[in-house]
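The values are calculated or read from the model by the stated rules, or taken from the named source; none is laboratory data. These numbers were taken from a predicted model, which means no experiment stands behind them. A quick note on method: Cβ atoms are made from the backbone with ideal geometry, for glycine too, and the neighbour counts reach across all protein chains shown.
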Amino acid sequence: MKRYRVLIVFLLISSFSCENFLEEDPKSLLAPGTFPSNAAEAEVFLSGMADDDLNSGRYFDEGIWHLAQASTDETTSDDADGVRFDIDHYTFLTTNPRIQDVYQSSFTVINEANTLIEASEGQVWGAPYEAGARFYRAWMYFNLVRLFGDNIPLLAESAQSLDPGYQPVRDTEAIYQQIEADLLFAEANAPRTWTGEDSRPDDGRPTSGAARTMLAKLYLTWAGWPVKDNSKWAMAAEKAQEVIDLGLYDLVSDFSDLWTNWDTPEEVTPENILSFHYSTTLIGDSRVTRHFRPSELLPRNTRGTGRFLASEVTMNQFSDSDLRKQATFETEFINPDTGLPVTYLENWGGDNPLAGEPYCIKYDVDDAAYADAGRQSGANVPIYRYAEVLLILAEADNEATGNPTARGYNAVNRLRARAGMPDLAGLSQDAFREAIRDEWTFEMAYEMKRRYNLVRWELFDQVMSVDERAIDGYQPHEIFYPIPELEIGLTGWQQTDGY
């Protein structure tokens, strides 16, 4: 993504994908069907689609992190009030701008994907670009249905605006079915790699392996709440096995290597199936590092915003013997003026008394590089990595067969061995289920997986109703976010139940 940005993206894609797409009478300068018209233009369009709308504070730099990550028991914010505080404490309103940002950006990308699909269909050059566009459409809908529920419209063609003629489907399975159809097309038509280098297939663009991986996660979700189609467990396991059988991906030997080589050639490993790529050498580096760092860090030019601090409760679930703990959490820093350590117990979260928490260092970078980049970084955002495929296989096999399987044990024990933890063995189905749920936490913490997992496991209400921050306002209907009030006003749709 970031490696393929060119100026034409801003001149063409940006003018088409007006950020007011969901408002009436958008000022679009490009008519569907006029661009792209060949493979070179499709390449620019596909790369720019993600850069232009997802690489922004409205989505990847902040918005989606609030809705999918900061809203869980894994994370808190050092904000003492405001729109971010409200999501963390479940006091948000239907006018919350972070909710609107994610909703609006998602449909802008969906509309762009539809434009690229229409332009690519039937063209001799079109299949891989149509596959990429279908992947993006599926990805946006997969996030939308898990965050907003089924009170969303399905757009299968490009549109000038999201007017009242488009109605929410209110049918989760219908949304899953469209996602599945798009991913099956992407699986069959996206390239194995875009660069031809099997050793590093993730360059930020959707591949057939990424499509298979999302299909495995879709089936895992389909088998859980709210649809609970038990036939999808076996499909999830088999699709995960297909990803393994591709032979493209593997675990790195040291978990910390996934998080210590940002903005270098080594940041892309065989474990990365799909990441959102950033680089400090090009326009638009990431603010994710800033948001995970506490606002009290010293010296001043190395501090962060503290918007996504970690949780002591989550940290304490890790065994001290688990090598992933040290690679995930930081609990102190050295004050350069005194030479003495400052710990999270001294509330480095500033004005918010509930923000005295450790911080996640998965996206952290060298202080000097961070300061030189204006408190930004080249830290990528992992979307899917091979470790998740192994967790999907282990969980789905256990549910599909009624007991842990040999390949399920092998999958999860590969992760545990890397973490310096003993193998699992001899467990019942229930005990293995609980062990895998723990492994999701230890392996994938702060990678925007927790909320989605709690929902499909039917544990969201149980966990969030006792979370010390969420209890300020949490209600069971907040398992889904409301449709932004602006869109309700423009379309006349019925608001999501409970709001």
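For the reader, a short list of remarks on this structure follows.
- Criterion violated by Arg451 - all others in (1) closer than 20 Å to Thr172 by Cα; (2) charged (D, E, K, R); (3) buried (at least 21 other Cβ atoms within 10 Å of the Cβ); (4) without any contact (Cβ under 8 Å) to a residue 60 or more places away in the chain satisfied: (4)
- Against the conditions (1) at positive phi; (2) surrounded by 20 or more Cβ atoms within 10 Å (Cβ to Cβ), Glu458 satisfies every one except (2).
- Checked against (1) surrounded by fewer than 21 Cβ atoms within 10 Å (Cβ to Cβ); (2) over 20 Å from Thr172 (Cα atoms); (3) at pLDDT 95 or above, Lys228 meets all criteria but (2).
- Counting the residues of the stretch 257-286 that are touching an Asp or Glu at 6+ places or on another chain (Cβ under 9 Å), of a type outside the set (Asp, Glu) and modelled with pLDDT of 90 or more gives 12.
- Of the helices (runs of 4 or more DSSP H) contained entirely in the stretch 411-499, those carrying at least 2 residues that are under 30 Å from Tyr359 (Cβ atoms) fall at 429-444, 450-456, 460-464.
- Look at (1) closer than 18 Å to Asn111 by Cα; (2) without any contact (Cβ under 8 Å) to a residue 12 or more places away in the chain and you find that Thr195 fails only one, number (1).
- Odd one out for Leu390, checked against (1) in a helix (DSSP H, G or I); (2) surrounded by fewer than 24 Cβ atoms within 10 Å (Cβ to Cβ); (3) of a type in the set (A, V, I, L, M): (2)
- Exactly one residue out of Phe107, Phe16 is of a type outside the set (D, E, K, R), over 21 Å from Ser275 (Cβ atoms), modelled with pLDDT under 65 and buried (at least 20 other Cβ atoms within 10 Å of the Cβ): that is Phe16.
- For the stretch 461-495, residues that are out of contact with any Ser or Thr (no Cβ under 9 Å at 6 or more places or on another chain) and buried (at least 17 other Cβ atoms within 10 Å of the Cβ) total 4.
- Residue match in the stretch 185-207 (condition: touching an Asp or Glu at 6+ places or on another chain (Cβ under 6 Å) and under 21 Å from Pro36 (Cβ atoms)): yes
- Only one of the numbered conditions (1) surrounded by fewer than 20 Cβ atoms within 10 Å (Cβ to Cβ); (2) at pLDDT 95 or above; (3) in a helix (DSSP H, G or I) is not met by Glu399, and that is (1).
Here's the yes/no breakdown for (1) closer than 23 Å to Arg192 by Cβ; (2) at pLDDT below 95:
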position: Thr94; (1), (2): no, no
position: Val102; (1), (2): no, no
position: Asn111; (1), (2): no, yes
position: Val124; (1), (2): yes, no
position: Ala131; (1), (2): yes, no
position: Phe135; (1), (2): yes, no
position: Trp139; (1), (2): yes, no
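- In the stretch 205-225, residue surrounded by the fewest Cβ atoms within 10 Å (Cβ to Cβ) [restricted to those that are of a type in the set (D, E, K, R) and either assigned to a helix (DSSP H, G or I) or at pLDDT 95 or above (or both)]: Lys217
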